[in-house]
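I have placed the structure first, in the form of structure tokens, so that the comments after it can refer back to it.
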Amino acid sequence: MEMTTAGQASIRRRSGLVFKYLLLAVLAFVIIFPFILGLWTSFLPTTEIAKGSLQGHLSWQNYHDAFTQTPILRYLFNSLVISLIQMAAHLFFASIAAYAFVFLEFKYREQLFYVVLATMMLPFEAEVIPNFQTVRSLHLLDHYAVMVIPFLTSAFGIFMLRQAFKQIPWDLKEAADVDGLSHWQFYRQVALPYSKISLLTLAAYSFLGSWNQYLWPMLTTFSNRLRPVQDGLRQLHSEETATNWGLIQASAAIVVIPTLIVLFWGQRYFKSGLNEGSVK
Amino acid sequence: MGIELRGITKAYEHAAQPVLREVNAEIQDGELFVIVGPSGCGKSTLLRMIAGIIPITAGQLAIDGQVMNGVPPKDRKLSMVFQSYALYPFLDVAANVAFGLKARKMPVAEIKKRVTEALEMVNLTKYRARKPRELSGGQRQRVALARAIASDAKICLMDEPLSNLDAQLRVKMRAEIRELQRKLGLTLIYVTHDQTEAMTMADHVMVLNDQQVQQIDTPLDIYNHPANHFVAQFFGTPQINLLTVKAEQQATHELRVDSALKVVLKEPLALGTYTLGIRPNQLIATTVIGDTGNAQVINVETLGEQTIIEAILDSGVPVRIVQAGQVQIDIEQRIEVTAKGAAFIFDDHQQLIVEQGGITDDQLVTAK
């Protein structure tokens, strides 16, 4: 058969695609393998896991044990409360701060914004000791407040929403001025709905960030009544259930579930083009 | 009473030059007033000062006899249509129209009635539940118009509302806006860079250039009596021919560009350098044989009902000539360019000093 230029191009394109997908499949497997392994072992009896075997009778027993023998429900509840409060606080405080940085004119606006940005440069670990001393002298240790108050706002959130608000066409602000909207009305009725996608992204990001907190709650909470999930897992590991690997795997799987829900629920909104048609 | 602009000036602190200086105008109740000028002339700035979105640096703005400097936009009782339409993408068509009314705390029943009426007026009733992104450019434009209609304001400001539409739709919307304005008795201030829109829509036109008002007049008066070079060049397509001429004798009655192209004047002119402005349809091109004539054709555009001939005079100056009908003429053909007689004469400060044989108002032919 005669090889035409079109035929050659088609073969080259196809082999390129094959290579691309092969690479993606390998990478996906590398990333997902530990996760699958963990999920698999969570259904196995601990005796089998201890033997290093990956076979055995699969059952929900570990999950049943996790819910009945450990305080994991309490951990989940604690984390849920803390994460929801933190998420709501981030959305509110970051969005009003970002609004001010975009739509209000005041002296040193840009400079102040850079100060906010600069706080992102400081790693959290470096703030742990002064923060710990502060909350201790405020007598907040081992209390919900200690896991909420230091995280009420987020420099990243302000930065992200400032970028989002900057995308709002200036004509919309002028149109709102002609209609006589106050800043608060413009914020509520235009800026927030216009930036829905960014707000949802920030909400998911904040929720997961809070859900996955480990270092700070470990330092500041001492009782099962207040402990969030990630520290709860460690607690399970170090307590009497230390050798019950099946139970720990099942607990870990339970803890991951809300993360997955948030990601799947969030994904629906990460579609582009929702703001088309505003201008031009 | 209308709107009065008295010495309106806009300057920004960091800039040495004001962006607008000493704008004076009186806009009558219920008229369509067009502000026209090239981009960067300050026309949108002027509109935003009238709206109250940006502050006036100096001068006075009065609406219905009341000084409005410093009054917030919503208390000026006006509506505004933006070049970009400024629709809220997350609201459907009806909610977009209702938005401003809700902000003004109008009763719900009244809002509903106004929205329905406004959408009917712009033929968008079918689309009331759609989001802006599901509409075409022309429909979006109409939503923006419906917003202005639904408002009870009698003053409407429009900032280049048609510049994002294609040519055919623009012609259609031009007529629709004009009709709406008459029907609703709106005082409409309309900003555009398009001289055709100014000519076809306006009751009065303000020509802005170089941060200043060049002329305020009716469209035909602007075309027939352009105050200066800029106005003459801005109005009329193809552009007017501006030819530099010297009056070499004292009190001469004849201005000569060359031996064939000349204009005879009724009034004598003093010695000096002038600019002769002749509209392309006031020039005649006659084909000649061989090397005679005074110009060479460089381009011909046949539009069907008229033919535009571009030629270069032997002195090197390009001229545009419009002839009615379809004229067969070749490129590089030698022609003789002569004037029919109508012309404008501008002095060396580019100001109009003499009109020669143009149409004056009292000579306007009434259509029967």
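Within the range B:12-53, if we keep just the residues that are touching a Ser or Thr at 6+ places or on another chain (Cβ under 7 Å) and outside any strand (DSSP E or B), the residue that is farthest from B:His204 (Cα to Cα) turns out to be B:Pro18. Listed by position, the helices (runs of 4 or more DSSP H) inside the range A:145-209 whose residues that are more than 11 Å from chain B (Cβ to nearest Cβ) number at least 1 are A:155-166, A:183-186.
For the range B:122-139, does any single residue satisfy the condition of being assigned to a loop (DSSP other than H, G, I, E, B), among the charged types (D, E, K, R), out of contact with any strand residue (DSSP E or B) (no Cβ under 8 Å at 6 or more places or on another chain) and away from chain A (no Cβ under 14 Å)?
At the first step, the residues of the range B:122-139 found to be assigned to a loop (DSSP other than H, G, I, E, B) are B:122-124, B:128-131, B:135-136.
Filter once more, keeping what is among the charged types (D, E, K, R): B:128, B:130-131.
With out of contact with any strand residue (DSSP E or B) (no Cβ under 8 Å at 6 or more places or on another chain) added as a condition, the list becomes B:128, B:130-131.
When the remaining residues are screened for being away from chain A (no Cβ under 14 Å), the result is B:128.
The answer is yes; a qualifying residue exists.
The set of residues in the range B:313-357 that are of a type in the set (Asp, Glu) and in a loop (DSSP other than H, G, I, E, B) comprises B:Asp314, B:Asp330, B:Glu332, B:Asp347, B:Asp348. Within the range B:270-291, the only residue that satisfies the criterion of being surrounded by 20 or more Cβ atoms within 10 Å (Cβ to Cβ) and either in a loop (DSSP other than H, G, I, E, B) or at pLDDT below 85 (or both) is B:Arg279. Here the condition is being within 28 Å of A:Ala253 (Cα to Cα) and in a helix (DSSP H, G or I); of A:Tyr63, A:Tyr21, it holds for A:Tyr63 alone.
Okay, residues lined up against (1) in contact (Cβ under 8 Å) with a residue 60 or more places away in the chain; (2) more than 30 Å from A:Glu239 (Cα to Cα); (3) loosely packed, with under 12 Cβ neighbours inside 10 Å:
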{"site": "A:His90", "(1), (2), (3)": "yes, yes, no"}
{"site": "A:Ala94", "(1), (2), (3)": "yes, yes, no"}
{"site": "A:Leu122", "(1), (2), (3)": "no, yes, yes"}
{"site": "A:Asp142", "(1), (2), (3)": "yes, no, no"}
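State the number of residues belonging to the range A:169-192 that are free of Cβ contacts under 8 Å to residues at least 40 places away in the same chain and farther than 18 Å from B:Ile54 by Cα. Write out each step before concluding.
Residues of the range A:169-192 free of Cβ contacts under 8 Å to residues at least 40 places away in the same chain: A:170, A:174-182, A:184-185, A:188-190.
Now restrict to residues that are farther than 18 Å from B:Ile54 by Cα: A:184-185, A:188-190.
Summing the residues that are free of Cβ contacts under 8 Å to residues at least 40 places away in the same chain and farther than 18 Å from B:Ile54 by Cα in the range A:169-192 gives 5.
Restricted to the range A:208-248, and to residues there that are of a type in the set (Ser, Thr, Tyr) and out of contact with any helix residue (DSSP H, G or I) (no Cβ under 6 Å at 6 or more places or on another chain), the residue that is surrounded by the most Cβ atoms within 10 Å (Cβ to Cβ) is A:Thr221.
Per the conditions (1) in contact (Cβ under 8 Å) with a residue 24 or more places away in the chain; (2) surrounded by 16 or more Cβ atoms within 10 Å (Cβ to Cβ), the sole criterion not satisfied by B:Asp217 is (1).
Within the range B:72-91, none of the residues are surrounded by fewer than 22 Cβ atoms within 10 Å (Cβ to Cβ) and away from chain A (no Cβ under 11 Å).
On the given criteria, is B:Leu101 within 14 Å of another protein chain (Cβ to nearest Cβ), in a loop (DSSP other than H, G, I, E, B), surrounded by 18 or more Cβ atoms within 10 Å (Cβ to Cβ) and of a type outside the set (Val, Ile, Thr)?
No.
The values are calculated or read from the model by the stated rules, or taken from the named source; none is laboratory data. Computed from a prediction, not measured in an experiment: that's the story for all the values here. Neighbour counts run over all protein chains shown; Cβ positions are idealised from the backbone, glycine included.
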